[in-house]
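This report concerns only the one structure given below.
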Amino acid sequence: MTEATNGYPFMIQLVGYWSWRYSDVNNHLDRVHMEDAQQGIKKARISLGSMVHGPEFDNLSPMAKDYLIAMSQDDGPSNTRVIAERIHRDVKYASVYRAQLIKEDVIEQTGFGYVDFKIPYLRDYLKEHAVHHQMKKDIAKAQTED
């Protein structure tokens, strides 16, 4: 359970809350069992997505969203030059959004020319929701062309 939180205070609350709830549902009233913890972690990740990741992402500019989605393609820290290529912009242009996302504590610099997600599980959330974002973007573009 501790590892699943990645030290993120709100995730600690969510994992504890959902694990305890599942222990009650599973009639493990005296303590949290492994099964309860596994179910609680899954539910906590979903809750984190809907309560933290979704609203955070929705409040960003379209280019900042594209920047994050480009980052989500990597399994670890992302090279800022590669991100710029993925969003079809030059490095200088992309660095504006990099700086904005760092300032807003969404990402962090992990080395020269590299950034990574600061909020736990945001990469996973974006991988799961990137198609939805692209569809909304395509619909908006089509509406402006009509």
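At a glance:
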| read-out | value |
| --- | --- |
| Within region 57-98, considering residues that are assigned to a helix (DSSP H, G or I) and touching a Gly at 6+ places or on another chain (Cβ under 8 Å), the one farthest from residue 112 (Cα to Cα) | 81 |
| Region 70-110 - residue that is open to solvent by 20 Å² or more (accessible area, probe 1.4 Å) and polar (S, T, N, Q) and, of those, nearest to residue 125 (Cα to Cα) | 73 |
| Per-region count, region 29-69, residues more than 17 Å from residue 104 (Cβ to Cβ) and either crowded, with 16+ Cβ neighbours inside 10 Å or of a type in the set (Lys, Arg) (or both) | 14 |
| Leading residue by the ranking (farthest from residue 71 (Cα to Cα)) among those in region 119-131 that are surrounded by fewer than 16 Cβ atoms within 10 Å (Cβ to Cβ) and at pLDDT 65 or above | 128 |
| Qualifying residue in region 16-30 (condition: β-branched (Val, Ile, Thr) and within 18 Å of residue 120 (Cα to Cα)) | no |
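The values are calculated or read from the model by the stated rules, or taken from the named source; none is laboratory data. The model shown is predicted, which means the values in this text are computed figures rather than measured ones. We place every Cβ from the backbone using ideal geometry, glycine too, and count neighbours over all the protein chains shown. Each accessible area value is taken on the protein alone, full model and side chains, heavy atoms only, with ligands, DNA and RNA left out. Shrake-Rupley method; radii C 1.70, N 1.55, O 1.52, S 1.80 Å.
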